[in-house]
Amino acid sequence: MSSAVRIHPSVDDGIPPAAPDFAGGTLSCLCTHDPVVVDIKGQVAHNHVCGCTKCWKPAGSLFSQVAVVSRDNVHIAANGDKLQPVDPTATIVRHACRDCGVHMVGRIENTAHPFYGLDFVHTERSTQPGWAKPEFAAFVSSIIESGARPENMGAVRARLTELGLPPYDCLSPPLMDAISTHVAKAKGLL
């Protein structure tokens, strides 16, 4: 029954494994003419499906798929002039293609933020296989804010579990630990 729940096109039919020694790849927006192209050097980390209402989601998807990579490994290779901030006041300033709306890079500018130095990217916008596979589902309950039916949440969580994506209504425990460690260090407790 739960397999009828569609999560995201890149995970619905199973999750492909990461390639050993993956060197990176190219992400492109949906535009067929002059697409925004982003080169990523190296592998991404903390790849996951996200139910928040801020992330870009493919049409008909309950979740986005997003990962992080060092901002030093992100290069806008083509048509960067088409990128514009979705919400310049957000913690993660997502830069989307003004023509097709795809979020290409999310960046944290606050140097005191635990994730400063990491950019958020959507690896499903790449044709290269081998990216790190999604590890968990974040902000699962938030899909209700996007129109998902509350009475279907049991089936959504069951499908996520079936896919090997533990559902959380925040971030995964290692990421929550990283945030708390950063805060404790900033307070001089560690």
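The values are calculated or read from the model by the stated rules, or taken from the named source; none is laboratory data. This structure is a prediction, so every number in the text was calculated from the model and none was measured. No Cβ is skipped: glycine too gets one built from the backbone with ideal geometry, and neighbour counts run over all protein chains shown. For the accessible areas, the whole protein counts, side chains as well, though only heavy atoms, and no ligand, DNA or RNA atoms are used. Shrake-Rupley method; radii C 1.70, N 1.55, O 1.52, S 1.80 Å.
The table below lists the values:
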read-out	value
Mean-position separation - Cα centroids, the range 1-77 and the range 95-127, in angstrom	11
Stretch gain in nm, segment residue 23-residue 170, where the contour uses 0.36 nm per residue and the Cα spacing is subtracted	50.0 nm
Dipole axis of the chain (+1 Lys, Arg; -1 Asp, Glu on Cβ), positive-most option in 49, 176, 138	176
Relative contact order, percent, the range 1-67 [alpha-carbon distance under 8 Å, six or more residues apart]	32
Charge dipole (debye, nearest 20) of the chain; +1 at Cβ of Lys and Arg, -1 at Cβ of Asp and Glu	260
Entries in 57/185; 133/185; 41/82; 133/187; 41/187 that, when Cα-Cα distance is taken, lie over 26 Å	57/185; 133/185; 133/187; 41/187
Share of carbon and sulfur in the accessible heavy-atom surface of the range 70-190 [1.4 Å probe, %]	53
Mean ellipticity per residue at 222 nm, deg cm²/dmol - from DSSP H runs of n ≥ 4 across the chain, formula -39500 (n - 2.57)	-4000 deg cm²/dmol
Among 25, 154, 101, residue whose mean-square fluctuation peaks in a GNM of the chain (springs only between Cα atoms under 10 Å)	154
Unit charges on C-beta of K, R, D, E only; dipole of the range 91-190, Debye	140
Rounded accessible area per residue of the chain, 1.4 Å, Å²	51
Which of 188, 90, 126, positive extreme of dipole for the chain (C-beta unit charges)	188
Relative contact order (percent, whole number), the range 50-180, Cα cutoff 8 Å, 6+ residue spacing	24
Cα gyration tensor shape for the chain, rounded if a/c is under 1.5, else prolate or oblate	rounded
Overall form of the range 15-78 per C-alpha gyration tensor (a/c, 1.5; a/b vs b/c)	oblate
Sequence-distant residues sharing a close amide H with residue 104 (under 5 Å, placed H)	95, 96, 97
